[in-house]
Amino acid sequence: MIVAKFGGTAITPNNLHFVKNIITHHHGAVVVSAIGKQFDGDTKVTDLLKALHSRLPDTSLFDKIAFKYRSLVEQNDISIDINAILKDTITNIVQQNYYENTLSKGEELSAKVVAAFLGWKYVSAESLFRFGSRRLLGKETLKNISSVEGRFVTGGFYGARKDGRRVLFPRGGSDISAGIVAAALDASLYENWTDVNGLCIADPTKVNGAETVRCVSYSDMRLLAQCGATVLHPDSVLPAARKAIPINIRNYFNTSDCGTVVCNDSLPNQVLGVTARRNGNLYCTTIVFTLPHSVVAEAIYCMLKHADIHPMGVTGASNHLQLITVENILSAVYDVVMKLTS
Ligand code: ASP
């Protein structure tokens, strides 16, 4: 049985039809994000909700969110009383008037709409993901999820305490919710559907021609995500890793591409990723690899010497090297390490 998670850009009026084409009889549960960006410069629904919350009791910004969900329903011919749902949503936001409740509403709306679209059961995330004061109550959550009967759709990113108060996962946390659902259901696969082919060796907006990594271990993926790779939330690999459930990052625009598989072992003799993260005036560049450490270190030191770059700090372990520099050395490091495997 497969658990599929769809990111916010899939839950948009023009792209929702991809979801139906992807779902097969193997799929047992779907986890969705709030509506994402529909075009360059657009604002994600979660960010609109954040702005709306800061302006309460002024609710005028809700019109933009309502418009997005109405378009999602109308453009995809979904039979659901979206106006009634939207009215209840804004009433609840105003009445409850706390941040976590307001921000959870995007995922709640998406899950209701996608459930109606697929003709599956909607199960509220607040009835599944149970929190103590702030921490997830693992056992209770797994039990709640595994007792759901039949195929269902739920919202990612949030859960609730026993008293009903909602609690959020970190931003991007629908990935975590889906990992937990996959673990609870002992899924054979956790598919994470997004708008890129998978994990790129380097940020494709910063480096030309960066290839997709085909197979990466849970721990290497987590490290890359912690160091700046945004394709998957770092914490989403933990529940899947514990049960050895492979995560397949796939592109709903390009279903012929097999994407990236996150599993027990990375492919040998590979560069798995180069990330750069700005921290104040400094850059932290991380290279994660399965090549011998000395081979990578030597090539990097040689490049740094030639370019007269003096890192302020270097750390590493058998699978990675991290450099703190004043300048952004992402492209230079990428060029050097890619030569090692060509
Ligand atoms: N909608 C939330 C966010 O924008 C959670 C998610 O998409 O995973 O961070």
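Here, each number is a calculation from the coordinates, and none is a lab measurement. The model shown is predicted, which means the values in this text are computed figures rather than measured ones. Cβ: placed from backbone, ideal geometry, glycine included. Neighbour counts: every protein chain shown.
Figures for the structure shown
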quantity: Subset of the stretch 24-37 [under 20 Å from E108 (Cα atoms) and surrounded by fewer than 18 Cβ atoms within 10 Å (Cβ to Cβ)]; calculated: K37
quantity: Lone unmet requirement of (1) within 25 Å of G119 (Cβ to Cβ); (2) hydroxyl-bearing (S, T, Y); (3) within 16 Å of the ligand (Cβ to nearest atom) for S79; calculated: (3)
quantity: Which listed residue is buried (at least 20 other Cβ atoms within 10 Å of the Cβ) and in contact (Cβ under 8 Å) with a residue 60 or more places away in the chain, from T141, T194; calculated: T194
quantity: Criterion violated by D175 - all others in (1) under 16 Å from A10 (Cβ atoms); (2) away from the ligand (no atom under 15 Å from the Cβ); (3) of a type in the set (D, E, K, R) satisfied; calculated: (2)
quantity: Identity of the residue in the stretch 232-253, closer than 13 Å to K5 by Cβ and of a type in the set (S, T, N, Q), that ends up nearest to the chain's Cα centre (by Cα); calculated: S236
quantity: Which numbered condition K37 fails, given (1) more than 14 Å from the ligand (Cβ to nearest atom); (2) farther than 16 Å from A116 by Cα; (3) outside any helix (DSSP H, G or I); calculated: (1)
quantity: Only listed residue being of a type in the set (D, E, K, R), away from the ligand (no atom under 16 Å from the Cβ) and crowded, with 20+ Cβ neighbours inside 10 Å, chosen from D186, D203, D220; calculated: D220
quantity: Test for S110: is it on the phi < 0 side of the Ramachandran plot and over 20 Å from the mean Cα position of the chain (by Cα); calculated: no
quantity: Identity of the residue in the stretch 161-172, in a strand (DSSP E or B) and within 16 Å of the ligand (Cβ to nearest atom), that ends up surrounded by the most Cβ atoms within 10 Å (Cβ to Cβ); calculated: R166
